[in-house]
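Report on the structure given below.
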């Protein structure tokens, strides 16, 4: 494992594009900290005039943007090496500043809601600039039933710092403190990391897979009571805020924030349950293809086409992504090249670096991508995936003002997964023989399994545990593991031996600390399959609509934005279409293996 200082600079992101130095960060921090008390200049005065209301909302945007830049820079620098105390401190300071801003601005929404609606309607017709905030105000009015008094809003804002501990504790435990054992791989000792675990699970040596599986989950098992308490605290936090705001559940609260009807969540789970036999067929095919008497959980990631596995250099990965995304047009490709060339991406794993991958950034600066690239086919697709997020952000930032640039999480996974779908179909078209075709279909089916089926299972797990917490049931290690085990049994069917170690998998999923996030991977995947299919069929209307979708930010609701591409997620049709594609690929692979 290399230290951060040993990574060549061309493979690291250029954070100087956001702040030229830590001192520049500190200067903006001091300026913003000094400005925040100016919120008091507007408190109790929003109804005085359209100009006062406008200036307050403008001031709020300016403070929000400054805090966003401060937090993103500090957190991304911390993610380079999560053990770095300097950036842990800066991240903490930025978070405290954000909490302070939330507290000082907590009067804003209650005051707007207390205004006479006729007066407010008249203000919105003023030419002082307030019309810019029409959608913001309309969205505030839509949440009138869930907004509390000024005093209660201040109290909730003050509580934020105290209630974020569970997520922070898990992040530090999982990324900085938890160390996995070493196992033998090809006669050498290899320490398991977050970054190399999936690669170990793809190893053709079953003993390597088994040892990696038991070692990783054994590590979580050693702390399972602590992790159950941490996760339970995070669930209770979500339940508390939902009740405080008079939502029927924490799920209702989370989905309302993204303007998503709850039936979308239920339809996803129901649609997958209706076709669960497809996953059972896939497990049966995998068992036969691997030639094992029993299929275990540690057999899920190894390619079924054993002698076609290969690795890729980062340069090869970039070239493949550029070829695969060509249907999106020259402008899109030019932006990809700019990101590759100008150090938007932090490429390789290093000691202490945050695990996984993401795209992030702050308005006014190009987006960034964090990878832990190790040369697998999965990591090639991760590059395409995260650059999909990045260019979604680029389009929205370029075409929307700060107020409306931040797109909702529900649509975030569409652009990234559309890139993956385009890339795999390009590779399938170029397959030189049936063995290569089978290898690629196996990969695409794994995308379905990991994104549509697995994330739906995660979503079902979240729905169950949040409901139990709301009903007053304790979330113990035993109960959480039992719920998770039963879901694995249902999803994988009779051909899978559900090893007890998988019972602890919930304890390593970071996204569970952002409640009701993961279902959007499954819905986004479904929408992306439909959009990519139409683009590849030469549907110019869908391509034009897709560019508008990428550029839309949050200027429309997520459901309305996707309708620009001809996809209606208020129905179960896109999920059904995606599952039909899965079935067709499964049919083909059964003839090839």
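The values are calculated or read from the model by the stated rules, or taken from the named source; none is laboratory data. What you see is a predicted model, and the numbers here were worked out from it, not measured in a lab. Note that each Cβ is placed from the backbone with ideal geometry, even for glycine, and that neighbours are counted across all protein chains shown.
Just a few scattered comments:
- Of the candidates 61, 79, the single residue that is touching a strand residue (DSSP E or B) at 6+ places or on another chain (Cβ under 8 Å), closer than 23 Å to residue 359 by Cα and modelled with pLDDT of 95 or more is 79.
- Unmet criterion (only one of (1) within 19 Å of residue 520 (Cβ to Cβ); (2) assigned to a helix (DSSP H, G or I)) for residue 422: (1)
- Residue in region 189-196 that is outside the structural domain of residue 95 (by TED's automatic domain parsing) and more than 23 Å from residue 84 (Cβ to Cβ) present: yes
- Of all residues making up region 536-558, the number that are farther than 15 Å from residue 417 by Cβ and either in a helix (DSSP H, G or I) or not assigned by TED's automatic domain parsing to the domain that holds residue 262 (or both): 8
- Of residues in region 544-556 being surrounded by fewer than 19 Cβ atoms within 10 Å (Cβ to Cβ) and touching a residue at least 12 places away in the same chain (Cβ under 8 Å), the one nearest to residue 407 (Cα to Cα): 555
- 3 or more residues without any contact (Cβ under 8 Å) to a residue 60 or more places away in the chain and within 23 Å of residue 75 (Cβ to Cβ): qualifying helices (runs of 4 or more DSSP H) within region 107-179: 150-163
- Residue in region 439-457 that is more than 25 Å from residue 286 (Cβ to Cβ), touching a helix residue (DSSP H, G or I) at 6+ places or on another chain (Cβ under 8 Å), assigned by TED's automatic domain parsing to the domain that holds residue 576 and surrounded by 20 or more Cβ atoms within 10 Å (Cβ to Cβ) present: no
- The residues listed here are 28, 58, 65; of these, the one that is over 28 Å from the mean Cα position of the chain (by Cα), on the phi < 0 side of the Ramachandran plot and in contact (Cβ under 8 Å) with a residue 60 or more places away in the chain is 58.
- Members of region 31-41 that are in contact (Cβ under 8 Å) with a residue 60 or more places away in the chain and under 16 Å from residue 55 (Cβ atoms): 36, 37, 39, 40
- Some residue of region 204-215 being within 20 Å of residue 103 (Cβ to Cβ) and touching a helix residue (DSSP H, G or I) at 6+ places or on another chain (Cβ under 9 Å): no
- Test set (1) in contact with a helix residue (DSSP H, G or I) (Cβ under 8 Å, 6 or more places away or on another chain); (2) in the same structural domain as residue 275 (by TED's automatic domain parsing) - residue 429 fails condition number: (1)
- Verdict on residue 533 being over 18 Å from the mean Cα position of the chain (by Cα), closer than 30 Å to residue 483 by Cα, surrounded by fewer than 21 Cβ atoms within 10 Å (Cβ to Cβ) and assigned by TED's automatic domain parsing to the domain that holds residue 460: no
- Taking the numbered list (1) under 30 Å from residue 371 (Cβ atoms); (2) surrounded by 15 or more Cβ atoms within 10 Å (Cβ to Cβ) in turn, residue 2 passes all entries but (2).
- Total residues in region 235-279, condition more than 17 Å from residue 460 (Cα to Cα) and part of a helix (DSSP H, G or I): 11
- Of the residues in region 5-16, at least one is farther than 30 Å from residue 179 by Cβ and surrounded by fewer than 20 Cβ atoms within 10 Å (Cβ to Cβ).
- All helices (runs of 4 or more DSSP H) inside region 305-401 with 3 or more residues being closer than 20 Å to residue 194 by Cα and under 15 Å from the mean Cα position of the chain (by Cα): 377-399
- Some residue of region 251-271 being touching a residue at least 40 places away in the same chain (Cβ under 8 Å) and within 30 Å of residue 291 (Cα to Cα): no
- Matching residues in region 402-419 - criterion: being surrounded by fewer than 24 Cβ atoms within 10 Å (Cβ to Cβ), under 12 Å from the mean Cα position of the chain (by Cα) and assigned to a helix (DSSP H, G or I): 409, 412
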